[in-house]
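Enquirer: I have a structure here, written as structure tokens, and I will follow up with some questions on it.
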Amino acid sequence: MSARTPPAGTTTLLVIAKEPVPGRVKTRLTPPFSPGEAAELAAAALEDTLRTGLTLPALRRVLVLEGRPGPWTPPGYDVLPQSAGTLDERIAAAFGTCTGPALLIGMDTPQIAPSLLAPALAPGGWDGCDAWFGPAVDGGFWALGLAAPDPGLVRGVPMSRPDTGAIQRARLTGAGLTVRNLPPLRDVDTAEDALHVAAAAPDGLFASALSRLGRAVVR
């Protein structure tokens with residue numbers, strides 16, 4: 001296999017994201033950052049995430065995008081438009097495009113590394129497992145995998161709340177699914193989050209962009 005060929009696997013990798021347009025992404029980073037700087041950080045986070053996705057074994061890699069692709073979109077991804085509706089409906093629709101095992105991640109955790117997702121994407125990742133769940137520190141979730149994608153397992157779950165992750169996981173177990181956990185991660189929502197995430201992945205584009213902006217933010 002050449003270095004340019006992404007590794008093959010049995011699971012579809014879904015990355016749900018927004019085009020990094022100033023004023024429309026990472027609005028909680030303003031202040032201390034300007035809308036343009038927040039969009040620059042979002043673009044770096046998204047590119048880190050997509051680059052990591054190319055190192056992961058997958059049957060197919062799909063960028064489920066609100067907006068248009070940009071220079072941060074590497075070859076190797078199919079790009080699908082997000083559906084209309086609330087975030088739960090958009091996530092549900094993304095799973096609805098898959099006919100086999102699928103793992104969905106977002107653009108807010110640029111510190112993801114292959115080792116974090118290896119359990120779900122390994123050859124035996126779905127043996128005796130119906131779902132993979134990656135909890136976020138803020139109470140949400142950063143990863144969700146379904147062996148048999150069913151949009152109904154996500155649709156109606158309230159998003160962007162401190163109990164979103166608990167409700168989503170309960171939805172899975174309540175459906176009788178065997179759920180395995182991935183490690184908890186911190187999303188980039190605030191400037192403080194940005195510092196912690198950059199420290200966790202100091203060699204990434206996100207950390208480089210944060211350093212380049214040179215703003216003093218309060219820990």
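Enquirer: Tell me which residues come under 5 Å, amide H to amide H, from residue 18 once H is placed; ignore anything under 5 positions away on its chain.
Expert: When sequence neighbours closer than 5 places are left aside, the close amide H contacts are 66.
Enquirer: If you don't mind, another one. Ignoring ligands, DNA and RNA, please state the percent of accessible area on the range 45-140 from carbon and sulfur, probe 1.4 Å.
Expert: Details: 2240 of 3790 Å².
Its accessible area is 59 percent carbon and sulfur atoms.
Enquirer: Can I ask one more? For semi-axes √(5λ) of the Cα gyration tensor in Å, the listed values are (1) 24, 22, 18; (2) 41, 21, 13; (3) 27, 20, 16; which was obtained by calculation from the structure presented?
Expert: For semi-axes √(5λ) of the Cα gyration tensor in Å, the calculated option is (3).
Enquirer: Between the range 133-159 and the range 29-103, what's the alpha-carbon centroid distance in Å?
Expert: Computed from Cα coordinates, the inter-centre distance equals 16 Å.
Enquirer: Here's another thing I want to ask about it. Round to the nearest 10 and give me the degree value, 0 to 90, for the angle of helix 87-96's Cα axis relative to the longest principal axis of the chain.
Expert: 50 degrees
Enquirer: Going by amide H atoms built from the backbone, whose H comes under 5 Å of the H on residue 181, apart from near neighbours?
Expert: 133
Enquirer: What are the ³J(HN,Hα) values, in whole Hz, obtained from phi via the Karplus relation 6.51 cos²θ - 1.76 cosθ + 1.60 with θ = phi - 60°, for each residue of the range 10-27 in sequence order, with x given for Gly and Pro?
Expert: 10, 10, 7, 9, 10, 10, 9, 7, 10, 4, x, 9, x, x, 10, 10, 6, 5
Enquirer: Same structure again: Hey, what do the phi angles of the range 184-196 turn into as Karplus ³J(HN,Hα) couplings, whole Hz, using 6.51/-1.76/1.60 and θ = phi - 60°, x for Gly and Pro?
Expert: Ordered by residue, 3J(HN,Hα) equals x, 10, 9, 6, 8, 10, 10, 4, 5, 4, 4, 4, 5 Hz.
Enquirer: How large is ³J(HN,Hα), in whole Hz, for each residue of the range 54-65 in order, when computed from phi with the Karplus curve 6.51 cos²θ - 1.76 cosθ + 1.60 and θ = phi - 60°, using x for Gly and Pro?
Expert: Karplus-based 3J(HN,Hα) across the range 54-65 equals 6, 8, 9, x, 8, 6, 7, 10, 10, 9, 9, 10 Hz.
Enquirer: How large is the accessible surface per residue of the chain, computed with a 1.4 Å probe and reported in Å² as a whole number?
Expert: Numbers: 9870 Å² over 219 residues.
Per-residue accessible area for the chain comes out at 45 Å².
The values are calculated or read from the model by the stated rules, or taken from the named source; none is laboratory data. Just so it is clear, the structure is predicted and the values come from calculations on it, not from any experiment. To get the accessible areas, we keep the full protein, side chains included, count just its heavy atoms, and leave off ligands, DNA and RNA. Shrake-Rupley method; radii C 1.70, N 1.55, O 1.52, S 1.80 Å.
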